[in-house]
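Have a look at the structure below before the remarks.
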Amino acid sequence: MAHIGVSIFPTDYSIQPIELAEAVEERGLDSLFVCEHTHIPVSRQSPWPGGGDLPKEYWHTHDPFVALAAAAAVTSRIQLGMGICLVVERDPIQLAKEVASLDVISEGRLILGIGAGWNAEEMANHGVEFNTRWKVVREKVLAMREIWTQEEPEFHGEYVDFDPIWSYPKPKQADGPPLWMGAQSKWAFPRAVEYCDGWMPIGFMPGFEDGLDTLRHECEQSGKNYQRFDKAVFAAPADEAASSALIERGFTHLIYPMPSESSDQILPILDQYAELANKLH
């Protein structure tokens with residue numbers, strides 16, 4: 001049975017995380033995902049992958065860990081996810097502690113969607129060159145795995161380098177929360193197989209369903225178990241027929257999008273999604 005959840009850019013003008021999380025859990029949905037951007041440079045050349053003008057929620061978004069900590073405090077069942085955490089823009093030692101802390105506070109309900117992002121100017125403000133972003137992501141993820149699983153972790157790479165440290169808490173979930181690769185280029189699949197636990201393409205990108213075949217092939221080539229991977233669709237089509245087809249195709253999580261709007265607009269949407277989830281279950 002597939003898991004059905006929702007996603008939102010939680011902003012200073014939209015429904016607040018506490019009210020939203022309570023509403024998601026009350027309606028029997030399975031997860032709440034939030035998006036991340038630390039900021040948006042005023043002068044920007046990078047085109048928005050969605051096309052057209054960049055929506056204002058991109059620069060009004062709450063810090064995702066603060067939003068999800070608030071959500072964790074008022075819920076007990078739903079999974080709490082990031083779609084996606086811009087690992088490339090965060091210090092790996094600090095990020096490892098934030099992730100572990102939230103996983104402990106939520107009693108092991110965290111899912112960490114990860115990616116490198118698309119905004120070159122945003123990355124540059126964090127000291128990251130666009131062309132090296134995926135190398136940086138890889139090292140930061142591997143370093144965090146060490147921090148989460150070792151008593152005295154150390155890491156020595158090109159972009160991340162530290163001698164043995166003490167860092168607690170360790171995550172509630174063994175080896176850390178599930179990491180989902182939030183990308184779908186041809187390079188995303190070997191990366192997902194190497195250092196992630198799932199794959200999360202975007203539902204409005206053409207042909208994303210065929211990525212399951214590529215993922216399976218990559219697993220076979222690497223000697224990994226394809227069945228161990230979570231297969232999620234971010235911004236999944238909120239349609240019964242389309243959703244059923246995705247589940248039949250092999251996707252295990254469908255995450256429906258919500259606009260950054262007030263509760264009077266969001267709650268009816270949640271009601272619709274809950275009704276759809278009941279049909280799919």
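For the chain, the number of Lys pairs with C-alpha atoms closer than 24 Å, counting only pairs eight or more positions apart or on separate chains, is 16.
Cut-off 10 angstrom, C-alpha nodes, Gaussian network model of the chain. Which of Pro257, Pro17, Pro268 fluctuates the most? For the chain, modelled as a Gaussian network with Cα springs under 10 Å, the answer is Pro268. Considered as an equivalent ellipsoid built on the Cα gyration tensor, the stretch 32-131 has semi-axes of 26, 15, 10 Å, the largest given first. Note on Cys219, Cys85: ascending count of other Cβ atoms within 10 Å places them as Cys219, Cys85, the fewest first.
Counting every C-alpha pair in the chain, the share spaced more than 33 angstrom apart comes to 18%.
Mean separation of Cα pairs under 8 Å and 6 or more residues apart, divided by the residue count, gives the chain a relative contact order of 22 percent.
Among 100-107, 163-170, sorting by the average number of other beta carbon atoms lying within 10 angstrom of each residue, highest first, gives 100-107, 163-170.
Once the Cα-Cα distance is subtracted from the 0.36 nm per residue extended length, the Asn125 to Ala245 segment shows a gain of 39.1 nm.
Here the stretch 3-280 carries DSSP beta bridges of which approximately 10% are antiparallel, counting only pairs with both residues inside. Compute the Cα gyration tensor for the stretch 106-180, then decide on rounded, prolate or oblate, letting a ≥ b ≥ c be the square roots of its eigenvalues: rounded whenever a/c is under 1.5, prolate when a/b is larger than b/c in the other cases, and oblate in all that remain. Oblate is the answer for the stretch 106-180, as a/c is 1.5 or above yet b/c matches or exceeds a/b. With both partners inside the stretch 25-144, how many of the DSSP beta bridges are antiparallel, as a percent to the nearest 5? So the antiparallel bridges amount to about 0 percent of the total.
Computed from the coordinates by the stated procedures, all read-outs in this text should not be read as laboratory data. Here the structure is a predicted model, which means the values were calculated and not measured. All Cβ positions, even for glycine, are placed from backbone atoms using ideal geometry, and neighbour counts span all protein chains on display.
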